[in-house]
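The values are calculated or read from the model by the stated rules, or taken from the named source; none is laboratory data. From a predicted model like this one, the values you see are computed outputs, not experimental measurements. Because the Cβ atoms are built from the backbone with ideal geometry, glycine has one as well, and the counts that use them run over all protein chains shown. Just the protein is used for accessible areas: all its heavy atoms, side chains included, with ligands, DNA and RNA removed. Shrake-Rupley method; radii C 1.70, N 1.55, O 1.52, S 1.80 Å.
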Amino acid sequence: MPRDLASSPVLTARNLSYRSGQATLLSIQHMELADRGPTLILGPNGAGKRLLLRLLHGIIPPSDGSIETVPGPQAMVFQRPVLLRRSVAANLSFALRAAGQPRTRIHGLLERAGLSDKGDQAARSLSAGEQQRLALVRALACRPRILFLDEPTSSLDPASTQSIETLILAAADTGTKVVMVSQDPAQARRLAWDVVFLHKGRLVEHTLAAGFFGAPKTAEAGDFLAGKLLV
């Protein structure tokens, strides 16, 4: 493991596994995520990416093993935004109140999301890209130490994707550790500091992004980047 990956870990998983019946769906002996830029979780369909994200965030408990994180709030944004049946501003107000943050931050969050003129609009009437931007800044309202993202741009057009990626990089630049699942290697090239590559529920490769894309160490990672189907 490159030394940088093991420095100042913000999250450590040990002997982590998840089973369903007799099937082991995920098994990771050891993984440390450094307190640096975004970590992108890549892999083919069925590799266990989304399952790993939910385990790391504590949505579901592991069958075995432990997950240790640094102190501080966490947040998660899903592939499809989960918004309250309220106005845009009310969604932010709810999050701020839950986090013990002042409502005076609403204007700044609206501005950050590019929604300054839509505070009174029903959140669920926004476009798909606007809804995802709202979901993202609502998650950032609690100033999370770790932000988990589950393919937040998978159904968005290029312009909306660019807006979301800008918000993600800005969050990372201000000290939030981003852990994100993506199906898009090109997106990972744009965002990742390091890459966690899964295949068949196993951690096949964890390395700095430059090394992963420039010289993958495993045949599975090489085939994935070449666009080959992995079975």
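Just order 18-31, 171-184 by mean Cβ neighbour count inside 10 Å, highest at the front, would you?
171-184, 18-31
From the convex hull of the Cα coordinates of segment 50-101, what is the mean projected area in square nanometres?
Dividing the Cα hull surface by four gives the mean projection, 4.9 nm².
Could you work out how far helix 158-173 tilts from the main Cα principal axis of the chain, as a 0 to 90 degree angle to the nearest 10?
80 degrees
Just order 108-115, 34-41 by mean Cβ neighbour count inside 10 Å, highest at the front, would you?
On the way: 108-115: 18.5, 34-41: 21.5.
By packing density, highest mean first, the sequence is 34-41, 108-115.
Return one whole number: the accessible area per residue of segment 93-231 in Å², for a 1.4 Å probe.
Spelled out: the 1.4 Å probe surface of segment 93-231, per residue, equals 45 Å².
Counting only residues 5 or more places away or on other chains, whose amide H sits under 5 Å from the amide H of Ala34 once H atoms are built in the peptide plane?
Excluding prolines and chain starts, which carry no amide H, the hits are Val10.
Just report the Cα centroid separation between segment 214-231 and segment 126-184, whole Å.
26 Å
Considering only DSSP beta bridges where both residues belong to the chain, give the percentage that are antiparallel (nearest 5).
55 percent
Give, as a single signed number, the net charge of other residues whose beta carbon lies under 12 Å from the beta carbon of Gly129, with Lys and Arg counted +1 and Asp and Glu -1.
-2
Angle between the Cα long axis of helix 128-140 and the longest principal axis of the chain, 0 to 90 degrees, nearest 10?
Helix 128-140 sits at roughly 80 degrees to that axis.
Calculate I(q)/I(0) for segment 136-225 by the Debye formula, one identical point scatterer on each C-alpha and no solvent, and give its log10 at q = 0.21, 0.22, 0.24, 0.26 Å⁻¹ to two decimals.
Taking Cα atoms of segment 136-225 as identical point scatterers yields -1.08, -1.15, -1.27, -1.37.
Below 28 Å Cα-Cα, how many Lys pairs turn up in the chain? Only count pairs eight or more apart in sequence, or on different chains, if you could.
9
Taking just the alpha-carbon atoms of the chain, what radius of gyration and Dmax come out, in angstrom?
Taking only Cα atoms of the chain, I get Rg and Dmax of 17.9, 53 Å.
For the chain, which whole percent of the accessible surface, found with a 1.4 angstrom probe, sits on carbon and sulfur atoms?
Summing carbon and sulfur atoms, their accessible area is 49 percent of the total for the chain.
Any chance you could list the semi-axes, whole Å, largest first, of the equivalent ellipsoid that the Cα gyration tensor gives for segment 91-151, using √(5λ)?
Each semi-axis is √(5λ); the values are 17, 15, 9 Å.
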